[in-house]
1. Kirkwood Rh, the chain, all Cα pairs: how many Å?
2. Could you look at the chain and say what percent of its accessible area is carbon and sulfur, using a 1.4 Å probe and all protein chains?
3. All other residues with a Cβ under 10 Å from the Cβ of residue 89 taken together, and with Lys, Arg as +1 and Asp, Glu as -1, what is their net charge?
4. Give me the number: length gained by fully extending residue 58 to residue 28, i.e. 0.36 nm times residue separation minus the C-alpha to C-alpha distance, one decimal in nm.
5. Relative contact order (percent) for the chain, with alpha-carbon contacts under 8 angstrom and 6 or more residues of separation?
6. So what are the ³J(HN,Hα) numbers for the range 57-66, from phi and the Karplus equation (6.51, -1.76, 1.60; θ = phi - 60°), rounded to whole Hz, Gly and Pro as x?
7. Across 10 Å bins from the origin, how do the percents of Cα pairs in the range 47-100 run, short distances first?
8. Where q = 0.12, 0.14, 0.16 Å⁻¹, what log10 of I(q)/I(0) comes from the Debye formula for the range 1-68, counting one point per Cα?
Amino acid sequence: QVQLVESGGGLVQPGGSLRLSCAASGSFFSSYDTGWYRQASGKQRELVARITTGGTTNYGDSVKGRSTISRDNGNNMVYLQMNSLKPEDTAVYYCNAALATKDYWGQGTQVTVSS
């Protein structure tokens, strides 16, 4: 069992930056692939970024070049650094951890990009 708690969301102006954090509790976190997804109002949840246990990363097209995902297995943390934020980045951002058939989600953190 893995529990995930996101933090770091908030209101930011267009062009600004945010760093989201995901704190994980539970066993064998380092064995899980982890990622960030987002869901805007009225839209489907979409991939923002993922990082495997080996450190391989992939990004959604909408954030490629503007975001960096990282993980700290020693402290059971996953991070998402987002730069050059746009109003269309406004969404609830969710942390995910997956291993085989196990799939865990956090409660989400709201990011609002607006002037």
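1. For the chain, the Kirkwood estimate is 14.0 Å.
2. The nonpolar share, carbon plus sulfur, comes to 46 percent.
3. Result for the local shell: +2.
4. 8.6 nm
5. For the chain, the relative contact order is 37 percent.
6. With the stated coefficients, the range 57-66 comes to 10, 8, 10, x, 4, 6, 10, 4, x, 10 Hz.
7. 21, 56, 22, 2
8. These q points yield log10 I(q)/I(0) values of -0.38, -0.52, -0.67.
The values are calculated or read from the model by the stated rules, or taken from the named source; none is laboratory data. Since we're looking at a predicted model, the values are computed, not measured. Cβ coordinates were reconstructed from backbone atoms using ideal geometry, including for glycine residues, and neighbour counts include every protein chain displayed. We work out accessible area using only protein heavy atoms, side chains counted, and drop any ligands, DNA or RNA first. Shrake-Rupley method; radii C 1.70, N 1.55, O 1.52, S 1.80 Å.
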